[in-house]
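> Dumping the structure here so I can ask a few things about it.
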Ligand code: FE
């Protein structure tokens, strides 16, 4: 399996503290059936700044350590970019790292409590530059939980979204779990990823999430998510199903 969102790089953010923890996380990821991880350290959130050149250096070193330790896992380049007024300045300074540095897909994080007024403008500008933003864990954003229509609008505009595996299996509570399922039912989710920070409470629950999705919606839906992650690895366009507005009644298992 491919994990497109993970804090496995050592000593850069609130994920792996050092190389020892990174290697432990890597072993757990392999046990959990993961073969490729996009390492996506925080950037421009209030605490952490991790620019492209640093991430590339560290990712190269981590892959070298996996070879030495014979861990069958490949690290790909990425970054979790917090939406910020300076996002385009950072882009001009070549600090922003798109997935695998291909210039096509970027993980975009909203603050947990709200959706800034300039969000739609940032999405629009990124799309104009050929970068498709993938909004990470919209199911955990308080404003979106209260305003489903806004998420629909962001996806209609051209943003993609990634739901966190732990949200689907209930690790973040009932309301986030139920919103995750609504997002999937309305074709507003395009990827599932772990957003793993450690091997404990924020670990590699991708397989469990896919099993939950298969049980609820059938194996096709799981294939859809898995294939979309594979497309990113090949720098090809993921499948995007037509978003369904929230006013329609959706018949589902949940
Ligand atoms: Fe994250």
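> Sort 134, 83 by Cβ crowding within 10 Å, fewest neighbours at the top.
83, 134
> Quick one: compute the contact order of segment 2-233, relative version, from alpha carbon pairs under 8 angstrom and 6+ residues apart, as a percent.
19 percent
> What order do you get for 86, 195, 13 when you list them from fewest to most C-beta neighbours inside 10 Å?
With the sparsest Cβ surroundings first, the list reads 86, 13, 195.
> Let me make sure I get this right: for segment 2-233, a, b and c are the square roots of the gyration tensor eigenvalues over alpha carbons, sorted descending. Under 1.5 in a/c it's rounded, otherwise prolate if a/b > b/c, else oblate. Which is it?
oblate
> Here is a further query. Please check: in the Gaussian network model of the chain (C-alpha springs, under 10 Å), which one of 64, 139, 109 has the largest mean-square fluctuation.
Top of the fluctuation ranking is 64.
> Could I ask something else about it? How big is the gap, in Å, between the Cα center of segment 16-84 and the Cα center of segment 129-159?
First find each Cα centre; the distance between them is then 25 Å.
> Now for a different question. Distance between Cα centroids, segment 90-120 to segment 205-242: provide it in whole Å.
22 Å
> Same structure again: Within a 10 angstrom radius of the beta carbon, how do 106, 19, 25 rank from fewest other beta carbons to most?
19, 106, 25
The numbers here are math on the coordinates, done by the rules we state, and not lab data. Computed from a predicted model, the values in this text were never measured in an experiment. Every residue, glycine among them, receives a Cβ derived from its backbone with ideal geometry; neighbour counts consider all protein chains shown.
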